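The values are calculated or read from the model by the stated rules, or taken from the named source; none is laboratory data. Bear in mind that the values here come from a model prediction, so they are computed numbers and not experimental data. Accessible surface areas use protein heavy atoms only, side chains included; no ligands, DNA or RNA. Shrake-Rupley method; radii C 1.70, N 1.55, O 1.52, S 1.80 Å.
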Amino acid sequence: MEPDHQQLVQLLPLLPVLAELGRTEHMTETAELLGVPQSTVSRAVARASAIVGMDLLVRDGRGIRLTPAARTLLPYIEAALEDFQAGLDRVRHESDVVRGRIGISFQHTFGEATLPLLISAFRSRHPQPVFELRQGPRDDCLEELAKGETDFALTAPIAAEGRGIQALPLYREPLRVVLHYLHPLAGRPSVHLSELRHDPYVTLPPGVGLRALGEALLREAGFRPRTAFEVQESTTARGLVSAGLGFSILPPAGPGSGTGQFLPGAELGLVEVRIESDLAFRQIGIAWRERTFEPDAVRLFRELVAREGEALLAELVRARSGNP
């Protein structure tokens, strides 16, 4: 340990005594205010003087007075104690406010990893919040936010700002065409969607962000799909594709989702293939309402996502994008 740093460590426990003594300039009164024997105050001053290397107090008749060195140090001692008290007050305050409630609407696909990663990071610092989570289509999520039923909406595409709504982009992920593993195009590194114009299509309901994105990609490819199934969430869509009942357009499932696991005896299995289009991606973001009074728990979560969201989700983004 450096000598200067070692001196600082030795002085820290003595700062409250020196600050009070600087205010009273009286040994007995300082001891009474601190609730310690007068000998404790005397020893603290003597020890501080030895560490600093010069006297901090001198006798003045029957009393004492501060030396010039002590008067120089005193404002710094008081500032250090005030800063520490401010930090302590903030920690105590924040541990209280996280007892509040945070409402989040989110699309189904973000319940597997995106939202849990953000909440986990928040709860590691503020373990007492109550989260109210609502799953649903993108339009429903944004409507709940606008009505004040939730504090945040996690959606793709990202919400448009305006009318009291603020939004923050978090990450971008590619969209893939999902095919049965025995499909003639399954072994290709990439597919142009026009090659699937005669295949049955598995899609999601109106109001779901992925449905709108898929329809835009198919329009770009020059055809309207032959919709065979309309399902409520992407897990069922994957299951139908795995059974050879059509193709779908979805974001990468990511590790641990079962993608790439096949049951050859039952001919169940699927693959994800890159789409040949510059539009084959979706932007994920979080939105919140502007308000006159923002509860502290909501503010703390918003600030964490804004400050650290990109870093917290970086590994997930790499895995789902197929990048190392």
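Considering only Cα atoms, the convex hull volume of segment 171-317 works out to 141 Å³ per residue. Remark: segment 131-191 projects, on average over all directions, an area of 6.4 nm² (convex hull of Cα atoms). The mean accessible area for residues of the chain, using a 1.4 Å probe and ignoring ligands and nucleic acids, is 54 Å² per residue.
Over the Cα atoms of segment 114-159, each weighted equally, I'd like the Debye log10 I(q)/I(0) at q = 0.20 Å⁻¹, rounded to two decimals. Per q value, in the given order, log10 I(q)/I(0) is -0.72. The computed log10 I(q)/I(0) by the Debye sum over Cα atoms at q = 0.08, 0.13, 0.16 Å⁻¹ for the structure shown corresponds, within (1) -0.38, -0.99, -1.41; (2) -0.57, -0.95, -1.22; (3) -0.45, -0.95, -1.24, to (2). Note on segment 181-324: antiparallel DSSP beta bridges, both residues inside, total approximately 10 percent of the bridges counted. The apolar share of the surface of the chain, taken as the fraction of accessible area on carbon and sulfur atoms (1.4 Å probe, ligands and nucleic acids excluded), comes to 52 percent. Return the Rg/Rh value of segment 282-324, two decimal places, where both radii are evaluated on C-alpha atoms and Rh is the Kirkwood radius. Reported Rg/Rh (Cα atoms, Kirkwood Rh): 1.12.
Computed over the chain, the per-residue total of -39500 (n - 2.57) for DSSP H runs of n ≥ 4 gives a 222 nm mean residue ellipticity of -13500 deg cm²/dmol, rounded to 500.
Spatially, segment 206-222 and segment 10-38 are offset by 73 Å when compared through their Cα centroids.
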